[in-house]
Structure formats: structure tokens, C-alpha cells
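These notes are about the structure you will find just below.
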Ligand SMILES: C[S@@+](CC[C@H](N)C(=O)[O-])C[C@H]1O[C@@H](n2cnc3c(N)ncnc32)[C@H](O)[C@@H]1O
């Protein structure tokens, strides 16, 4: 006996299903201030970039905050004078993270997504304080398997995690249109000068899932600008910056 009926759904059923690949969200037109430009590496404070954007205007923000959660709380103990020095040299965010998340909540379109990179310390101990005062709801999480073993007194890290949050109204139908993204994504770490570089392939898949070609994708702390590369691959416009350029 077949495990389940594999008969393809009728076009009408497919359109009405959460597995539909039809998007009915479109991005409003944005008038950018003259100091900002698409598809370039802006050097500026991420909160200033977000402050320049109108309310309810952006379908996707990808945010990878700079903080030392896993290193400090799990005390890996190998951040000596030389080891880990590129990581230590980066400017750390502390109190600003909730401020970034509130600003992102403001600029997202209704049913827009924030993809928030997170380490396992915050994933397990909670990140509700980052969400305070926002309407964002967790809707999914994907683990990036880097195929490269990292630190750990106990288990050794091979993964990082990206949490998908959605601004209300929370819905998949008509919004999330790629249904082939596994919740463990294997992609080798790319060689780059940036110690926290994230996978272009996974970010491109997520961008494709919840935006349309030509939409503006924002990254307010872009590091090596991996999201800019993901936007080039998917024919989206990129708007992003890093304090260090
Ligand atoms: C975790 S890294 C991002 C890595 C990036 N996702 C990539 O794939 O390369 C965080 C970045 O935030 C930047 N940063 C720290 N504070 C910032 C701020 N207030 N505004 C903008 N960028 C900031 C740091 O310079 C660092 O490059």
C-alpha cells in the first residue's frame, strides 16, 4: 500500500495550499535618500541605515549581530593573545541588538521576514530580550552545517543557526514559495577575510523563498557582504552596510 496518495493536487488546490509557489506580496516603492545606494558596500552604522528606511517597506532583512555570546558563556577558553584575534578585533554589539531588532520590525512589510543568525548559547538560553517591544514571531529555524569542525570543550561545533521570524500577519501561503530548503543545510565555509562569513547559497535560497526578483533585501551588519553576493545570484537589490565597510 502506498504510504500516502501521490496524486498531484489540482491547480486550484495547489494555489490554496501553504505549499503554493505563488507569492501575493509585493514590495512598495522606496525613495532612497541620496546618501544611500543599492548593490554597494556602504560603510556606516547599521542603525542609521535602518532609520533612513520607511515603515513597512522591506520584505527581507538578514541580520548577523556581532556579539560574544557563545565564547563568553560557554568559556571555550581559547581566545588568547593570538588565537581568535580577528574575532576580538571586531566591534561588538551589546545593548544595540534589541534596538536593531526593533528597527527591523518597523521597516519590514506585513508578513515580511527577519533571518537572524544566532549561536547555540542564545538558541538554548533564550533570545526573548532581543525581541522585546517587537511583533516578530519565530516561524522556523535552519542549521547551517559547515563541514568544518570548530571549538568546544564538550561537543565541537560544526553548525550555526538562522532563526526565521515573521512580522504579523504570520502566514506561509502566498509568502514563502520555495519548498525545497532542508532544515539542515550543508554548505562548506567559503574562504574569505571575514571570520564570521555566512553561506551565500543558504542565504540566496531564503531570499528566493520570501521575496520577488527586484525586491530590496537589507543587511545592516554585513561583514564580508555575503548577502550582497546572494542578492546578485538571485536578481534582488541589496541595501546593506558595515561599520567597518
Ligand atoms: C557577525 S559579522 C557579520 C558577518 C556577515 N554576515 C558575513 O556573512 O560576512 C557582524 C558585523 O557587524 C559589524 N558591526 C558591529 N557593530 C555594527 C554597527 N553598529 N553597525 C553596522 N555594523 C556593525 C562588524 O564590523 C561585523 O563585521
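Bear in mind these aren't lab numbers, they're just calculated from the coordinates by the rules spelled out. Note that the structure is a prediction, hence the values are computed from the model and not measured. When we count neighbours, we look across all protein chains shown, and the Cβ atoms used for this are built from the backbone with ideal geometry, even at glycine.
Some notes on this structure:
- Rg to Rh quotient for the range 122-245, alpha carbon positions, Kirkwood Rh: 0.96
- Between 0 and 90°, nearest 10: helix 96-107 axis offset from the chain longest Cα axis: 20
- Sorted on the mean count of surrounding Cβ atoms within 10 Å across their residues, most packed first, peptides 123-136, 222-235 read 222-235, 123-136.
- With neighbours defined as other Cβ atoms within 10 Å of a residue's Cβ, the residues 196, 122 order from fewest to most as 196, 122.
- Against the chain, whose longest principal axis is taken from its Cα atoms, helix 200-210 shows a tilt of about 40°.
- Going by neighbour counts of Cβ atoms within 10 Å, the residues 142, 58 line up, fewest first, as 142, 58.
- Cα shape, the chain, gyration tensor, a/c 1.5 rule: oblate
- Here the contact order of the range 41-242, divided by its residue count and restricted to Cα pairs under 8 Å and six or more residues apart, works out to 27 percent.
- Footprinting exposure proxy for 32, 25, 49 (fewest neighbouring C-beta atoms within 10 Å first): 32, 25, 49
- Taking the DSSP beta bridges with both ends in the range 41-242, the antiparallel portion is around 45 percent.
- Per-residue ellipticity at 222 nm computed for the chain from its helices equals -6500 deg cm²/dmol, with DSSP H segments shorter than 4 residues left out and the rest contributing -39,500 (n - 2.57).
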